[in-house]
Amino acid sequence: MKKIAVYGKGGIGKSTTTSNLSAALADMGYKVMQVGCDPKADSTKNLMGGKKIPTVLDQIREKDNLVTLDDIAFSGYGGVVCVESGGPTPGIGCAGRGIITAFEKLEELNAFDVYRPDIVLYDVLGDVVCGGFAMPIRGGYADHVFIVTSGEMMALFAASNIASAIGNFGKRGYAKFSGIIQNSRNVEMEDELVRKAAEEMGSQVIHIVPRDKTVQLAENQGKTVIEAYPDSEMAQGYRNLAEKILEVIKE
């Protein structure tokens, strides 16, 4: 089982990237689990036909110790096992602590032993890398971390902070920083900006995702590009990303 964390600034497109990656890997025959680690709980929506699934925290609040895997894990496109950690009531509690609680519940219920995924993808909000948001890095959950960014200044700033956190935890034998995924926004000289930023982080751009209206058209249907437009250039691009990531994590 390979465990991968995908980090990135809020709104940068990491959930879109992760869900299309999950769909591509599923089509390649892999058993995939995707765990959304964002209070918005919308990471897996496009794998579930546009529907948001009950979150781990919501189910714990409702059922306490009676929560089962059937309450928190759902089968999406291609058999991808979809889980959303969820978060506290807005304005009350710590979202990071919610992720920790969700991870603990998945362990308690032996989720990985039950579903036996080949690949686990954690989709993690990366505006801040503290507490629960750092859990996949420091808790030994992820083997590899990829950062999604564009050439926009704030996205690159967040990516740099995430890379720094990975470096600090990596010294303790935790997750490895394995590359940058560029989710293009058509910023002037974007490819060059992201390439230089990756070098400064001691990494490299493993794939460039172009800006394409196909993504929005698919999401309007509550689907990934892989599902809605499997023969499109964009779908092939996500398949190429999946192949590149498989190469990296096998090294």
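The values are calculated or read from the model by the stated rules, or taken from the named source; none is laboratory data. Given the structure is predicted, the values throughout are model-derived calculations rather than measurements. Every residue, glycine among them, receives a Cβ derived from its backbone with ideal geometry; neighbour counts consider all protein chains shown.
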Testing N46 on (1) touching a residue at least 60 places away in the same chain (Cβ under 8 Å); (2) more than 16 Å from the chain's Cα centre (by Cα), one condition comes back false. Which one is that? (2)
Considering only segment 116-129, I want to know if a residue exists there that is of a type outside the set (S, T, Y), outside any loop (DSSP other than H, G, I, E, B) and surrounded by fewer than 18 Cβ atoms within 10 Å (Cβ to Cβ). no
Restrict the check to segment 63-74 and report whether at least one residue is part of a loop (DSSP other than H, G, I, E, B), hydroxyl-bearing (S, T, Y), surrounded by fewer than 24 Cβ atoms within 10 Å (Cβ to Cβ) and in contact (Cβ under 8 Å) with a residue 24 or more places away in the chain. yes
For a quick check of your reading of the model, give me the residue pairs whose first member lies in segment 83-104 and is surrounded by 15 or more Cβ atoms within 10 Å (Cβ to Cβ), whose second is at pLDDT 90 or above and of a type in the set (D, E), with beta-carbon atoms closer than 7 Å and at least 6 apart or on different chains. G86/D58
Any idea which residue in segment 1-19 is farthest from E152 (Cα to Cα), counting only those that are assigned to a helix (DSSP H, G or I) and in contact with a Lys or Arg (Cβ under 9 Å, 6 or more places away or on another chain)? S19
If you scan segment 20-32, which residues turn out to be hydrophobic (A, V, I, L, M, F, W, C), under 19 Å from S178 (Cβ atoms) and out of contact with any Lys or Arg (no Cβ under 6 Å at 6 or more places or on another chain)? L21, L25, M28, V32
